[in-house]
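Data block below; observations after.
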Amino acid sequence: MGWLAFIGSHKVNGVSALHTDLMKQTVFRDLHALHPGRIVNKTNGITFRRWLSQANPLLTDVIIDAIGPEMLDDPTQLDKLAALADDTGLHDRLMAARRENKIALAKIIMERNEVKVDPDALFDVQIKRIHEYKRQLLNILETVAVYNAMRAQPMRAWLPRVKIFAGKAAASYHTAKLIIKLANDVARTVNTDPTLRGMLKVVFLPNYNVSLAERIIPAADLSEQISTAGLEASGTGNMKLALNGALTIGTLDGANVEIKEHVGDDNIFIFGLTAQEVEQKKRAGYDAREAVAASATLREVLDSVAGGTFSPDDPGRYRGLVDGLLNHDTFLVTADFDAYFASQRAVYKKWRDRPVWMRSSVINTAKVGWFSSDRTIREYAEEIWNVTPSA
């Protein structure tokens, strides 16, 4: 069907720079050679006003006070914020707005999950369709690693953190359903362990939809965009979260690549294998057992999960999930675990330096106006559809 669509189209869009290049090199390589100008890149955009002014009026008011209302009609005007990135007064106003949004989300979490969370904690958010390539499992395994460390050193000055998951899985996607079950089992264990003193909380919010996203995104401090490099076409959640001031932790996949280019290396947390390295490992026959043997932290995590620590009612519930990782780690969760774990420690370090964190947050909001669908639609109109707006 893809080939037929290519042949019947006068332009084919890859929706992010990385994905467009991959389409030329892989799926449509032969057709691209026959029609070298047909594949073009028009990176996805988001409905800017919905995800800022509608979803986050508190942040919008702060921005208008700082740079004026023109940005509501022209998202590129957000760039004016960059000159104020070190303004501590702006930081204070932004932090106050974010805290109000976190209090509102904390109320939803209490209502739906009966879990009390601290609005002053780091809100670490992964909200998207549940799929193995999006690697919610990698996030859960890192959570278990932190849990194990906290139990080993309960009186250490741990950083308060709330891990927030949400998303839906296809009805027949057994592994995705099992990952949701694991997230909830880890949440139950972590949230009821008095050893942690409430310093780590985990929640999986049910019935994820756009309305819930509009409550989560304005409250997010950290945006999880950790798909296996080369497999995410673009992503738009990464754009929405960055617009609202969340810092991204992610792989060089999809539009993460372009977000990095816009916000700068110091204002994003990039880790893991590149798309080319992923392909090289797969061609060489990746052996997950070697990665696990080389990582004491990962080995302890997998032993905990497979051994029933989080499923005492059914100790063997996740044995198959762990065996699948060890024998057929298609999405290289084990290969990227140590790099992801290290990147999370860099998150902790920056979070403790609040002016530095807030500077990066301001830069993220300032530099992602380019990802508005205003720009995407204009590029389609001018370069693909060959139409002009009516007078």
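The values are calculated or read from the model by the stated rules, or taken from the named source; none is laboratory data. Source: prediction; values computed, not measured. Cβ: placed from backbone, ideal geometry, glycine included. Neighbour counts: every protein chain shown.
Data for the structure
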read-out	value
Residues that are assigned to a helix (DSSP H, G or I) and either surrounded by fewer than 16 Cβ atoms within 10 Å (Cβ to Cβ) or of a type in the set (Lys, Arg) (or both), drawn from the stretch 250-276	260, 261, 265, 266, 276
Any hit, the stretch 196-203, residues being crowded, with 18+ Cβ neighbours inside 10 Å, out of contact with any Pro (no Cβ under 9 Å at 6 or more places or on another chain), in a helix (DSSP H, G or I) and at pLDDT 95 or above	no
Some residue of the stretch 239-253 being within 19 Å of residue 333 (Cα to Cα) and out of contact with any strand residue (DSSP E or B) (no Cβ under 9 Å at 6 or more places or on another chain)	no
Entirely in the stretch 288-374, the helices (runs of 4 or more DSSP H) that have 2 or more residues that are touching a helix residue (DSSP H, G or I) at 6+ places or on another chain (Cβ under 7 Å), farther than 30 Å from residue 255 by Cβ and at pLDDT 95 or above	288-293, 296-306, 319-327
Those helices (runs of 4 or more DSSP H) lying entirely in the stretch 1-113 with at least 3 residues surrounded by 15 or more Cβ atoms within 10 Å (Cβ to Cβ)	17-25, 57-67, 88-113
Among the candidates 27, 62, residue that is out of contact with any Cys (no Cβ under 9 Å at 6 or more places or on another chain), closer than 27 Å to residue 257 by Cβ and of a type in the set (Val, Ile, Thr)	27
Hits in the stretch 152-176 - residues which are in a loop (DSSP other than H, G, I, E, B) and surrounded by 20 or more Cβ atoms within 10 Å (Cβ to Cβ)	167
